[in-house]
Amino acid sequence: MGLGILLMPEVRRQGLGVRVLEFAKQYAFAIRGFHRLWLQTLDDNIGMQKLALAAGFVHERDERQSWLVHGVFHDRKCYSILGTEYRLPAP
Ligand SMILES: CC(C)(COP(=O)(O)OP(=O)(O)OC[C@H]1O[C@@H](n2cnc3c(N)ncnc32)[C@H](O)[C@@H]1OP(=O)(O)O)[C@@H](O)C(=O)NCCC(=O)NCCS
């Protein structure tokens, strides 16, 4: 199962990204019983890197120059969260 996230610029930095990832975690762990979620982003995507950490994902590795974007190789930053690390949000 894959999930992409793209918010219009005018609604960024308002906490929506955290809420989207919270929904994804709740669906994956509380409803589907998955063991692990992972995400990847480019080394220059500071917003996604900050969002991953804010949503409780752990930075686990960088894959050096493994992502070719418009002719330029980028590092791929990899994050994950385990079901055992997930807590249901307070009601
Ligand atoms: C990446 C994206 C989904 C983030 O969503 P968002 O709703 O703006 O993020 P949030 O408001 O939930 O912010 C979460 C945290 O990240 C930080 N953050 C988000 N964007 C940031 C940026 N551009 N620079 C620095 N920090 C940023 C916030 O300050 C917040 O940190 P805090 O908890 O310490 O306050 C959004 O910027 C986006 O859609 N970008 C374009 C598409 C994209 O890059 N998708 C990901 C592809 S891998």
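The values are calculated or read from the model by the stated rules, or taken from the named source; none is laboratory data. Predicted, not measured: the structure shown is a model, and the values here were computed from it. Using ideal geometry, Cβ is built from the backbone for each residue, glycine included, and neighbour counts are taken over all protein chains shown.
Conditions tested, residue by residue: (1) within 21 Å of residue 9 (Cβ to Cβ); (2) charged (D, E, K, R); (3) touching a helix residue (DSSP H, G or I) at 6+ places or on another chain (Cβ under 6 Å); (4) within 15 Å of the ligand (Cβ to nearest atom).
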position: 33; (1), (2), (3), (4): no, no, no, no
position: 63; (1), (2), (3), (4): no, yes, no, yes
position: 71; (1), (2), (3), (4): no, no, no, no
position: 79; (1), (2), (3), (4): no, no, yes, yes
position: 83; (1), (2), (3), (4): no, no, yes, no
position: 90; (1), (2), (3), (4): no, no, no, no
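Scanning the stretch 1-20 for residues that are under 13 Å from residue 54 (Cα atoms) and more than 6 Å from the ligand (Cβ to nearest atom) gives 19, 20. Is it the case that some residue within the stretch 20-41 is farther than 18 Å from residue 2 by Cα and modelled with pLDDT of 95 or more? The answer is no; no qualifying residue exists.
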